[in-house]
Amino acid sequence: MTCSKDRLIEGKKIRFVVVGLIGATIEIILFSVLVRAGLGVASSNFLAFHCAFLICFFLHYYFTHQKRYNGMHVIVGGLLKYAGLMYVQLLVGTILLWILIDKYGWVAEFAKIAQIGVVTPASYLVQKYFIFSENKK
């Protein structure tokens, strides 16, 4: 039983990484396109973030954590919790981008990759224990 549970946990971590890579790829590409098109860094980050945010929520819900459809209220409740986490990440990420780009002169795309690398581990833990917890029905 422990071996089966260990495999399930490892599979979930792999699925989390896959979804994260999909979301990060979408976010980085869209961010880069918007910045290069002349939109400001904060606006580009905001738009790219929201596109990746919505895609990742549903991928995490149905793929990473393999939740069943239990009614719209369950999905909306999960989405609201996920949104809370993501908006904290957006704020922290935007501040980090500002520091890396404006204060240290980093190239926007490299700063974005570093920013995602900083916030991802915290995001995984919050999602695992508070948003998609197995203890909740």
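Given the structure, is Gln89 at pLDDT below 90 and assigned to a loop (DSSP other than H, G, I, E, B)? If you could, list the steps in order and put the result at the bottom.
Details: at pLDDT below 90: yes; assigned to a loop (DSSP other than H, G, I, E, B): no.
For Gln89, the condition - at pLDDT below 90 and assigned to a loop (DSSP other than H, G, I, E, B) - is not met.
Looking only at residues that are over 26 Å from Gly105 (Cβ atoms) and touching a residue at least 40 places away in the same chain (Cβ under 8 Å) in segment 35-62, which one is farthest from the chain's Cα centre (by Cα)? Please lay out each step first, then the result.
Step one: of segment 35-62, the residues over 26 Å from Gly105 (Cβ atoms) are 50-51, 53-62.
Then drop every residue that is not touching a residue at least 40 places away in the same chain (Cβ under 8 Å), which leaves 59-61.
Values: Leu59: 11, His60: 9, Tyr61: 12 Å.
Ranking the qualifying residues of segment 35-62, first place goes to Tyr61.
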Right, Gly84: surrounded by fewer than 19 Cβ atoms within 10 Å (Cβ to Cβ), modelled with pLDDT of 80 or more and of a type outside the set (D, E, K, R) or not?
yes
Criterion (modelled with pLDDT under 90, assigned to a helix (DSSP H, G or I), among the aliphatic types (A, V, I, L, M) and surrounded by fewer than 17 Cβ atoms within 10 Å (Cβ to Cβ)) met by exactly one of Ala122, Ala24:
Ala122
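Which residues, counting only those in segment 92-107, are modelled with pLDDT of 90 or more, part of a helix (DSSP H, G or I) and either in contact with an Asp or Glu (Cβ under 6 Å, 6 or more places away or on another chain) or over 18 Å from Cys51 (Cβ atoms) (or both)? Before you say what the answer is, go through the steps one by one.
Filtering segment 92-107 down to residues modelled with pLDDT of 90 or more leaves 95-107.
Next, only the ones that are part of a helix (DSSP H, G or I) stay: 95-103.
Those that are modelled with pLDDT of 90 or more, part of a helix (DSSP H, G or I) and either in contact with an Asp or Glu (Cβ under 6 Å, 6 or more places away or on another chain) or over 18 Å from Cys51 (Cβ atoms) (or both): Ile95, Leu96, Trp98, Ile99, Leu100, Ile101, Asp102, Lys103.
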Selection count where residues are without any contact (Cβ under 8 Å) to a residue 40 or more places away in the chain and part of a helix (DSSP H, G or I), scope segment 63-86
11
Looking at Ile55, Ile131, Ile75, which one is closer than 22 Å to Gly11 by Cα, among the aliphatic types (A, V, I, L, M) and modelled with pLDDT under 90?
Ile131
Can you go through Ile75, Ile99 and tell me which one is farther than 18 Å from Glu27 by Cβ and either under 14 Å from the mean Cα position of the chain (by Cα) or surrounded by 15 or more Cβ atoms within 10 Å (Cβ to Cβ) (or both)?
Ile75
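The values are calculated or read from the model by the stated rules, or taken from the named source; none is laboratory data. Keep in mind the model is a prediction, meaning the values are calculated, not measured. All Cβ positions, even for glycine, are placed from backbone atoms using ideal geometry, and neighbour counts span all protein chains on display.
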